[in-house]
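Can you keep this structure in mind? I'll have questions shortly.
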Amino acid sequence: MVNKGFSCSFLVPATGKFTRFYPQNNTDSIKGSLIIIYACSKFTIMFKPKVLFVCTGNSCRSQIAEGIFRDKAGDEFDVFSAGSHPSHVNPMSIRVMNEWGIDISHHTSDPIDYYLDKGIDIVITVCDNANQVCPTFPGNAKRLHWSIKDPFAGWDADDEYLDSFRKTRETICTRIEEFLHSWKAD
């Protein structure tokens, strides 16, 4: 019987990389428990912080941020995006991310409320409207706000809007790099 619900991540100090254990059956679960107990004495157990990017429509900025963040640090963080009034992923967002080799075409546009009980550790609003309406997340979720200009000008994948989306992508990438640098420094 395959176990799809349990896994454990731990940091291997010698490599600085995360390793994740997925038991394949009940026997592995027992072995896994023993491995994890052993790992506790040899490694530092680390659970990946959950990061949620929020904007109004969850179609442009938050989707771009989710894609970039996952590409740069998906092995260290679980990354999601949501909107206060979700719609669907803008084709221009998909297009500018494809320019960097990041595929977000499979992303969905989700409501913020879906994540309220998911143990989110860091909430980053990427638009002023979302910052005003974003609910308080349970626990000790850290809240950040990045005021990023909305590239949205319509649902057409028209080349005249491409530069606006590229500028937004660059701005978001810079903010993510700054965040990751400060995270590692802490």
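Where a number appears in this text, it was derived from the coordinates with a stated rule and is not lab data. Owing to the predicted nature of the structure, the values given are computational and were not obtained by experimental measurement. As a convention, Cβ positions derive from the backbone with ideal geometry for all residues, glycine included, and neighbour counts pool all protein chains shown.
Measuring from label point to label point, each 7 Å out along Cα→Cβ, what is the ASN129 to SER87 span in nm?
A separation of 0.8 nm, rounded to one decimal place.
Considering every Cα-Cα pair within region 41-127, what fraction, in whole percent, is farther apart than 22 Å?
25
Further question: Return CYS127, CYS60, CYS134, CYS173 ranked ascending by Cβ neighbour count within 10 Å, so the fewest neighbours appear first.
Starting with the residue having the fewest Cβ neighbours, the order is CYS173, CYS134, CYS127, CYS60.
Let me ask something additional. Would you mind checking the pairs LYS72/LYS184; LYS142/LYS184; LYS48/LYS149 and listing those with alpha carbons more than 21 angstrom apart?
Correct reply: LYS48/LYS149.
Within 10 Å of each residue's Cβ, count the other Cβ atoms and sort PHE47, PHE165, PHE152, PHE77 from fewest upward.
Lowest count first: PHE47, PHE77, PHE152, PHE165.
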